[in-house]
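See below for the structure under consideration.
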Amino acid sequence: MSLSGDRELVWINCTASEVDATIAELSKVCALNPANGYVIAKQCPSPLKAISPNAVVNHLGESVDFIIFNTFDGFSPNTLAQAAGMIRSAGKLFLITPASDVWSSFKDPELKKVGLVIAEEGLFISFISNGLNNIYKPISSLNGLHKFTIPNTEDRTTDDQINSVVQLLRAWQNDRSTTLITADRGRGKSSSIGIALAKTESINPAKILITAPDRRSVDSLYSRYHQIADTDRAEHPPRFLRPAEALQVLKDEQELSDIELLIIDEAAAIATPMLLQLANKTPHLCLATTTAGYEGFGRGFALRFLDKLKAERNLDQHLTLNEPIRWQSNDPLEQQLNKLLLMDLSSSQTVDLPDGIHQIERAQLVEKPELLEAVFALLQGAHYRTSPNDLRILLDSPGHLLFVAINKGMLTGTCWVASEGNIDPELAEAIARGERRPNGNLLPQTLAFSEGWPKAASNSYWRIIRIAVAEEMRRKGTGAELLKQVEESAKELEVDFLGSSFAGFQDVLAFWQANGYSLVRWGDTIDSVAGEAAALVLKELNPDVSPNLSQLIDRASQRYQDLFAHKEIPELPVGFEGVQLKQTDPELLISMLARFAHAFAPLTLSKPFIREALRLTNQPLDEIDLTEPSNRQEMNQLREGVAKLVDQLNSITN
């Protein structure tokens, strides 16, 4: 079935007090059918249906005639892109915002996610407003609008989808196969896989495993599967597991023998080391990824992962889906939003800066949009979790800094830094007790809560959020040069520590260690997408700081050695094995236990101190059961037991 009619964005300005009346009038003027669209807002005039901004992700498989996006309830770039992807051909996106001259000072609820009530400079909204003004003209009166109708059509199955289904079915008839499917958002790649899985007679559904960063990413896959599969197959669909869970299954030889086909959807949003571990386990492998959009970006995926994959197994076919399923090709709304939200960029761009390393003021990124585009393109290509929401965080977050490397007029590297720490001692203690968790300040909060160092939260830190280097400049010292300039700038401002936190892949950790950073923490849980625990590294700039780097490492070493000795971690993290165990100062011991007994300090941190206290009070180590509680009642009982232990210690030391 052919599609006709371009989708369109209509930009409407009003005040907060006028929003409901504007939406009601818009519904009347355009004769909107409430059954065929949504208002993205916390609430809206009846009979229209509202979806809260956080819930849009639950509706991505739907096709609608219109979306009314109320930015007064929060403007998330990701949510805007998600909502636009639901609109079928000839549909409308009504974007309701404050007037341009006041929008940047509006108290956007979305700002809470970056720790703000008001964006002091309003840089993100200034950038968006400038971009919108280059494409559209806002309206404050609805007089020029009129009723619009859209033929009641279902999402079509495109020729690209039909071809991909045929090719998948053919591949799965062989003994082994490796297929890669790439597409921009809205091309039906997941649906195509669902159709093929429903139709294949070569592989039993029980022998198929599906993984993706988020279960919602494969809703359309399962929806199409259930629409087409016969009764028996529909009742026994392929199993879904998150990446880390899937890897554990595939590492089990008995379970692996029962898996013939692994489907990895949204592969670009999964860390490359995790993908490589998943990719070489099963006879049949199908990878699908979005190459432009809010889910993650395929450019870095294509550059790095595919070369490594080809070294492990033959890539039998690379299928590309170009035709949209809900709108026509060359749709202006898609192109305009991709440009507005920097979702589809060239990875190498010329910038008007002299060669060398420069610290860039965030306001410059709005004044020089080509520089912002170049920086964001580099971040997209380098990091598997970059999304349009990062654009707002970069521009609006207080204390964020940006460094860039320029070579021959081209951006070759960038380092994104957050200034953290200097937390009030009273708040730091509340963080250590698990009673407060303010936004931001990842490094000092982690040291205070997870490592039991509230005093560390009062020190100053520069956290490297992302460091990205152009593909052609990797392993040529650009990353090290960026870190060196960051360090020099931090020393000028008397910052105590540089640091970073990242999925603890060995090659990434080796890069940081080669640049003088020390591992001070290995996370207690495995990231379900990266498949690794988070590593926290620090570089000490102020030798007089307290706690200093050696003290941080010593305490962590003693904790890890205790946990390893009691078989509570599978292996001792590298770098924490050489510290001699010593008795904890009684005052510190009581303080650490009290934070667990009378507040919410983590059990993993507290276990070594509980065991030490049991030894000091001449009690057997099994006097207190340190098995992870399964419910609140068990946790309360454990805290009560530790509280009694604190009382016993107090009686001994007083």
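FYI, it's all coordinate maths here, none of it is from the lab. Keep in mind the model is a prediction, meaning the values are calculated, not measured. Cβ: placed from backbone, ideal geometry, glycine included. Neighbour counts: every protein chain shown.
Observations, loosely collected:
- With N the number of residues in the range 195-258, Rg(Cα) / (2.2 N^0.38 Å) evaluates to 1.14.
- The range 452-610: translational diffusion in µm²/s, Stokes-Einstein, Kirkwood Rh over Cα pairs, 37 °C, 0.692 mPa s: 190 µm²/s
- Fewest-first ranking of GLU429, GLU334, GLU201, GLU568, using other Cβ atoms within 10 Å as the exposure measure: GLU201, GLU568, GLU429, GLU334
- Relative to the longest principal axis of the Cα atoms of the chain, the long axis of helix 549-565 lies at roughly 90 degrees.
- Magnitude of the charge dipole, the chain, Cβ model with Lys/Arg +1 and Asp/Glu -1, debye to 20: 740 debye
- Charge sum, other residues only, whose C-beta stays under 13 Å from VAL646's C-beta, Lys/Arg counted +1 and Asp/Glu -1: -1
- Sequence-distant aspartates and glutamates (8 or more away, or on other chains) whose Cα lies within less than 20 Å of LYS491: GLU361, GLU420, GLU481, GLU540, ASP544
- Ellipticity estimate at 222 nm from DSSP helix runs (n ≥ 4, -39,500 (n - 2.57)) divided over the chain, nearest 500: -11000 deg cm²/dmol
- Residue-count net charge about SER458 - beta-carbon cut-off 11 Å; Lys, Arg +1, Asp, Glu -1: -3
- Semi-axis lengths, Å, the range 586-653, gyration tensor of Cα atoms, sqrt of 5 times eigenvalues: 18, 13, 10
- Taking ASP20, ASP355, ASP108, ASP101 and counting other C-beta atoms within 10 Å, the order from fewest to most: ASP101, ASP355, ASP20, ASP108
- Cβ-derived FRET efficiency at R0 41 Å, ASP316 paired with GLU361, nearest 0.05: 0.25
- Antiparallel content of DSSP bridges confined to the chain, in %, to 5: 45 percent
- Full-extension gain in nm, HIS236 to ALA55, via 0.36 nm per residue minus C-alpha separation: 62.3 nm
- Between LEU588 and LEU493, the modelled labels are 3.0 nm apart [label points 7 Å from Cα along Cα→Cβ].
- Distance cut-off 18 Å, percentage of C-alpha pairs in the range 297-449 lying past it: 69 percent
- Alpha carbon centroid spacing (whole Å) that separates the range 228-287 from the range 197-220: 8 Å
- Alpha carbon Rg of the range 356-565, scaled by the compact-globule rule 2.2 N^0.38 Å: 1.03
- Rg and Dmax of the chain, based on Cα coordinates, read 27.2, 85 Å.
- Normalised by residue count, the range 83-225 yields a Cα convex hull volume of 179 Å³ per residue.
- Cα-Cα pairs of the range 8-135 separated by more than 20 Å (percent): 41 percent
- Note on HIS236, HIS400: ascending count of other Cβ atoms within 10 Å places them as HIS236, HIS400, the fewest first.
- Pairs beyond 32 Å (Cα-Cα), from LYS113/LYS455; LYS28/LYS137; LYS42/LYS92; LYS310/LYS476; LYS28/LYS189; LYS455/LYS607: LYS28/LYS189
- Translational diffusion of the range 423-539, estimated by Stokes-Einstein from the Kirkwood radius over alpha carbon pairs at 10 °C in a medium of 1.306 mPa s, is 104 µm² per second.
- Computed FRET value (nearest 0.05) for ALA31 with LEU581, which takes r as the C-beta separation and R₀ as 60 Å: 0.20
- If the chain linking ASN650 and ALA99 were pulled fully straight, counting 0.36 nm for each residue of separation and taking away their Cα-Cα distance, it would gain 192.1 nm.
- Along its three principal directions, the equivalent ellipsoid of the range 159-321 from the Cα gyration tensor extends over semi-axes of 21, 19, 15 Å, largest first.
- For the range 375-471, the Kirkwood estimate of hydrodynamic radius, built from reciprocal distances between every pair of different alpha carbons, is 14.7 Å.
- Euclidean distance between Cα centres, the range 610-654 to the range 451-509, Å: 39 Å
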